[in-house]
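> Dropping the structure in here first, questions after.
The values are calculated or read from the model by the stated rules, or taken from the named source; none is laboratory data. Quick caveat, the model's predicted, so the values are computed rather than measured. Because the Cβ atoms are built from the backbone with ideal geometry, glycine has one as well, and the counts that use them run over all protein chains shown.
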Amino acid sequence: MELHVAKSGSDTAAGTAEDPLLGIGAAAALARPGDTVVVHEGVYREWVNPPRGGTADAPITYRAAVGADGLFESVVISGAEPVADWRPWPGAADVWTATVPNTLFGEHNPYTERIGGDWFFDRVNTWHTGEVYLDGKSMYESPTLAGVERPEATADSFDPAGSLLTWHCEAGEDTTTIWANFGGADPAAHEIEINARKFVFWPAATGIDHIIVRGFTLTKAATQWAPPTALQEGLIGPHWSKGWVIEDNTITDSKNVGVSLGKEASTGQNEWTAGTRGDKGGTQREREVIQRALALRGPAAGEPHPWHRDHVGSHTVRRNTIRDCEQAGVVGHLGAAFSTVADNHISRIHVKRQWHGAEVAGIKLHAAIDTVISGNTVHHTHRALWLDWQAQGTLVRRNVCYASTAEDFMVEVCHGPYLVDSNAFLSPWAVKDMSTGGAYVHNYFAGRIANCTEHQRYTPYHLPHSTAVHGVANILGGDDRFYNNLFVGDGAAAEAAEPGSEPVLASFWNGAIDIDGVPGQAAFTPTPVGTSQYDAYPTPQEYPHEDGSPLAGPRLPVRAEGNLYAEGAEPFRAEPEPRVVGAAPVRIEVHDAEAGAIRVEASGALDPVAPVTTARLGISYQAETGYTDPDGSDLDFGTDLAGAPRGEAVPGPFAAPSPGTRIVPAPGPARRPS
């Protein structure tokens, strides 16, 4: 059955195309498995809180209506409310003030709720989950009224001039007052909105399975910081459910997270920072969260379902445009397992830079077991892709990343096996490797690699294709494979270290303090683009230990074959017959920074190399598990970054290219319904 919603409707209507409902929530209250809620053009200011889900064979679908031109109609679901009653503030020119009743906010006033939680670094300022928007663009909060009257640019902002548009709030028992500096604009001639709701599309209950959300613009939510040890709020998300499909949407302006596939609250809620005991660190608290999630008993016992593929995960997030979220575009701890995040265009994540924390990335996933991250373009972020803990069976394939201020890909305290295949990493720093068990195959690296061990933290690994914990171990480093990649140097010489000198702290590389997830003992010695970062590691022939001991050495072996090094990139010391050339025969550059398109220039031939197979990759050291597809079948390396058949294997992410230039567009929402 179809239930129709339109701005001309009524919540007492029948819900037919001729007699539509007015609110999406009213349709959600009626929808049953197999039903479709069709929403017609307009702006809907509500929190869609679906009370029930569907089944694998009969999901409940929420979608924008399709117009006569075959395109989705413009349907906006917003967590914000307009404010029109602005008055000049006598304290300073360009400053206006408005007072709104607290009844506007329901149970959560975003102008009293402060951002905070585990791994949130700013303990001095007290930022709110609320926001003020001038013509749809978020302004910058000031902790003081003086910062509105005399604004100063935020030094690290991607938009220093825009950071002069500031606001400040004071909330009373019945009303909230906001002061705003609109930079000379008269608010009567512009649309001014404020955050009024925590969520846009989010079930309050867990276990609301098999929902499809398609074709909307979802925007402006007062979400809280989302660490792996608390409820991970998102503008949209399944809230510890199974089988959601979030596709062909534009998702913008969450205060923290756009799409959350993460955990619920009962397994832990910021116990590291909010608890009365301070003698357990965040790592131990996170281990406890995992064990609690596995031990949940389910709805019959009054608890959410346990962390198991029968109950949680298996989501699909595809063909969305996700932008202007200050923590992450997509986040998830535990709940993202067995999922697919594909063909999304993610940009402008953490660009205001008023505060920082260790969960900031375009895509930040913990425990991404058998999760596929493919075909995404991620740019203008702090960190593009970040896998943290338990990247096992994870596939990172055919993504394009650039304009990252830290690095394009970080993998932290994971044991593998995980595959990084046919990606283009174009930022100055390509990879931060604090893990073992990685296979890097057919990638393009324009930036450097940083590698370090982590002997202090012990993290889980799992039985194959399962959430069941098989063991815990620290990070010895290594057990990595680099096959058939193309490294193009950045023209900068390696920072030479004096003989016998200490390694450089891992917080070094972008010229600033970058401690996201990197403990003080983690260190690396800078090296050029290439695999020479691993020169201190043994080869399989030199392992297990240089002194002949049968015990595992302090580092695991590294394998490198079939790579091409150009323009100063340097190979691993023991790579057999490394291919080192001057000019790069293939160069990938950014073509349109905002649209996410890249330019591929081919000027020379690439010699064939040995193909990579599941059998050649072997098994990872700790989990003793092979590199396979999530269903356990052999990997297929027959498709290049652009989706073309690869044919004969050559270094880099593309099939053997013909000389010339081509433009590869970024993925994003389909203009027509799929």
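> I'm told L104 meets every condition in (1) in contact (Cβ under 8 Å) with a residue 60 or more places away in the chain; (2) in a loop (DSSP other than H, G, I, E, B); (3) touching a Ser or Thr at 6+ places or on another chain (Cβ under 9 Å); (4) surrounded by fewer than 21 Cβ atoms within 10 Å (Cβ to Cβ) except one. Can you identify the failing condition by its number?
Every condition holds for L104 apart from (2).
> Of all residues in the range 355-381 being over 17 Å from G262 (Cα atoms) and among the hydroxyl-bearing types (S, T, Y), which is surrounded by the fewest Cβ atoms within 10 Å (Cβ to Cβ)?
Ranking the qualifying residues of the range 355-381, first place goes to S374.
> Quick check on my filter: what residues within the range 329-360 are modelled with pLDDT of 95 or more, part of a strand (DSSP E or B) and within 19 Å of E286 (Cα to Cα)?
V331, G332, H333
> Are any residues in the range 582-612 more than 25 Å from the chain's Cα centre (by Cα) and in a strand (DSSP E or B), and if so, which ones?
Hits for the range 582-612 are V586, R587, V600, E601, A602.
> Identify, from the list T36, T55, T61, the residue that is farther than 21 Å from R671 by Cα and either β-branched (V, I, T) or free of Cβ contacts under 8 Å to residues at least 12 places away in the same chain (or both).
Within the list T36, T55, T61, the selection yields T55.
> Restricting attention to the range 517-571, which residues are within 20 Å of Y458 (Cβ to Cβ), part of a loop (DSSP other than H, G, I, E, B) and either out of contact with any His (no Cβ under 7 Å at 6 or more places or on another chain) or at pLDDT 95 or above (or both)?
Selection gives G517, V518, P519, G520, Q521, A522, A552, P554, R555, L556.
> Which is touching a His at 6+ places or on another chain (Cβ under 7 Å) and of a type in the set (S, T, N, Q), of T223, T206, T229, T252?
It is T206.
> Please determine, by comparing only the residues of the range 652-665 that are part of a loop (DSSP other than H, G, I, E, B) and modelled with pLDDT of 90 or more, which one is nearest to L564 (Cα to Cα).
Here the answer is G652.
> Name the single residue, out of those in the range 158-174 being more than 21 Å from A146 (Cα to Cα) and in contact with a strand residue (DSSP E or B) (Cβ under 8 Å, 6 or more places away or on another chain), that is surrounded by the most Cβ atoms within 10 Å (Cβ to Cβ).
It comes out as F158.
> With the condition kept exactly as written, say whether any residue in the range 87-97 is surrounded by 14 or more Cβ atoms within 10 Å (Cβ to Cβ) and over 30 Å from A185 (Cα atoms).
no
> Now for a different question. Given T377, T371, T394, which one is within 17 Å of the chain's Cα centre (by Cα), among the hydroxyl-bearing types (S, T, Y) and within 30 Å of A153 (Cα to Cα)?
Among T377, T371, T394, only T377 is within 17 Å of the chain's Cα centre (by Cα), among the hydroxyl-bearing types (S, T, Y) and within 30 Å of A153 (Cα to Cα).
> For E577, work out the one condition from (1) on the phi > 0 side of the Ramachandran plot; (2) at pLDDT 95 or above it doesn't fulfil.
Condition not satisfied by E577: (2).
> Please work out which residue is farthest from A80 (Cα to Cα), limiting yourself to the range 249-287 and to residues that are buried (at least 24 other Cβ atoms within 10 Å of the Cβ) and among the charged types (D, E, K, R).
Out of the qualifying residues, it is E286.
> Let me ask you something else. Looking only at the range 110-129, how many residues end up being more than 20 Å from P227 (Cβ to Cβ) and surrounded by 21 or more Cβ atoms within 10 Å (Cβ to Cβ)?
The total comes to 1.
> Still on this structure: Which members of the range 613-643 meet the condition of being of a type outside the set (F, W, Y) and either in a strand (DSSP E or B) or closer than 22 Å to V472 by Cα (or both)?
G618, I619, S620, Q622, A623, E624, T625, G626, T628, P630, D634, T639
> I'd like the full set of residues that are in a loop (DSSP other than H, G, I, E, B), of a type outside the set (A, V, I, L, M, F, W, C) and under 28 Å from the mean Cα position of the chain (by Cα), limited to the range 34-57.
E46, N49, P50, P51, R52, G53, G54, T55
> Answer with yes or no whether P82 is touching a strand residue (DSSP E or B) at 6+ places or on another chain (Cβ under 7 Å) and either within 30 Å of A98 (Cβ to Cβ) or assigned by TED's automatic domain parsing to the domain that holds Y133 (or both).
Taking the combined requirement at face value, the residue satisfies it.
To keep it simple, each residue is scored yes or no on (1) assigned to a loop (DSSP other than H, G, I, E, B); (2) under 26 Å from the mean Cα position of the chain (by Cα); (3) at pLDDT 95 or above.
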| position | (1), (2), (3) |
| --- | --- |
| Y133 | no, yes, yes |
| D156 | yes, yes, no |
| E170 | no, no, yes |
| I178 | no, no, yes |
| A185 | yes, no, yes |
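> Select from the range 616-657 the residues that are touching a strand residue (DSSP E or B) at 6+ places or on another chain (Cβ under 8 Å), among the hydrophobic types (A, V, I, L, M, F, W, C) and surrounded by fewer than 19 Cβ atoms within 10 Å (Cβ to Cβ) and write down the one among them that is nearest to I369 (Cα to Cα).
Restricting to residues being touching a strand residue (DSSP E or B) at 6+ places or on another chain (Cβ under 8 Å), among the hydrophobic types (A, V, I, L, M, F, W, C) and surrounded by fewer than 19 Cβ atoms within 10 Å (Cβ to Cβ), the top hit is I619.
> If you take the residues in the range 233-249 that are touching a Gly at 6+ places or on another chain (Cβ under 9 Å) and in a strand (DSSP E or B), which one is farthest from A205 (Cα to Cα)?
Filtering first and then ranking leaves E247.
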